[in-house]
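Data block below; observations after.
What follows draws every value from the coordinates through simple rules; no lab data is involved. Here the structure is a predicted model, which is why all the values come from computation and not from measurement. Cβ: placed from backbone, ideal geometry, glycine included. Neighbour counts: every protein chain shown.
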Amino acid sequence: MDTLSLRYQFQSGKDKTFRLDEYDPAETFGLDKLMALERTVGNTLDLRPLQERLYAEGRQAVLVIFQAMDAAGKDSAINHVFSGINPQGCQVHSFKHPTSKELNHDYLWRCSQVLPEKGMIGVFNRSYYEEVLVAKVHPELILDQKLPNVRQIEDVNERFWEQRYEQIRSYERRLTMNGISIIKFFLHLSKEEQTKRFLKRVKRPDKNWKFSSSDMKERAFWDDYQLAYQDCIQATSSVHAPWYIIPADNKWFARAAISQILVDRVSQLNPAFPELSPEETKALDQVKETLKKERKEQQKKDT
């Protein structure tokens, strides 16, 4: 695996403590913009044949999860990194505030409905992790989920969150055991860079549509979100589903890092085109001979 991939991977353990302030959101791993762009292009080209083999093999799937603060660049990263692959083999799903129907199910239900099929790459733009991030910052949202043991805010305590982290770990363990490899990206953005991007959205008419008043409301909870991400990553990063902390102040570097990690992780799956059985090979040879014969006959007619 590339050293860049290893640099940003966090695997939790008894002797490992995750601290978000130990990761520099402006780090570029010694790359300048041109170098990063070249790496992104190369990785994009490398990802396509991997995805083709994954699709043809039809035995494994990849789930890519993106989580971040507003304006961290999730949409543009997805657009750039997956631009070179066959759209038939990739599905992107974005999760907003849950609907009344979704709230009548458990919080993992809506994501489970759109998990990637074998051979596919599924991309979640936000995910079930909202339920331990946004919901942790705004615990009143949990009351809407009609849980039997949660009838007031006081019931949403540390024990509640520990149980939810365990549910997510178990869920991801089950997915992995059933052939779905999980790659989780947290795009680590500084508050200063978010300010710059919000200002751009406000000042430029072609960017106005990206800005929402709710973005500013959530910005007021910046410190709470940082703690929520720190707790979440510490509790849910594992050997089979590690988190990658991607410096996101420079979009060009974030894309290079994400694309490199994707290539490394999918390569590890070693997807292969299926081998034909002796009977299938024999049938294919017969088809080949038939087609050759037809072509010769057609050439005679043409002459």
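Straight-distance candidates among the aspartates and glutamates for linking to Lys296, with alpha-carbon spacing under 19 Å and chain neighbours fewer than 8 residues away dropped: Asp285. Computed extension gain for Lys118 through Arg48, at 0.36 nm per residue and net of the alpha carbon distance, reaches 23.5 nm. Considering only Cα-Cα distances, which of the following residue pairs are longer than 32 Å: Lys96/Lys118; Lys146/Lys217; Lys118/Lys293; Lys136/Lys200? Over 32 Å Cα-Cα: Lys118/Lys293. What are the DSSP H helices in the chain that stretch 15 Å or more along their long axis, judged by alpha-carbon atoms, and whose average Kyte-Doolittle hydropathy comes to at least -0.5? Counting only whole DSSP H runs, the qualifying helices are 33-57, 251-269. Label zone of Arg204 (point 7 Å out along Cα→Cβ, amide N under 20 Å): in the stretch 247-271 this covers 248-256.
Look at the alpha carbon pairs under 8 Å that are at least 6 residues apart: their mean separation over the length of the stretch 68-142 gives a relative contact order of 36 percent. For the residue pair Thr99 and Glu140, what label-to-label distance in nm results when each label sits 7 Å from Cα along the Cα-to-beta-carbon direction? It is 2.5 nm.
Over the chain, what relative contact order in percent results from Cα pairs under 8 Å that are six or more residues apart? Before the final figure, lay out the partial values.
Details: 394 pairs, mean separation 104.4, N = 303.
Contact order relative to length: 34 percent.
From the helices alone, meaning DSSP H stretches of at least four residues, give me the mean residue ellipticity at 222 nm for the chain, per-run term -39500 (n - 2.57), in deg cm²/dmol to the nearest 500. Write out the running numbers ahead of the final one.
Numbers: 12 runs with 149 residues, N = 303.
Computed ellipticity for the chain at 222 nm equals -15500 deg cm²/dmol.
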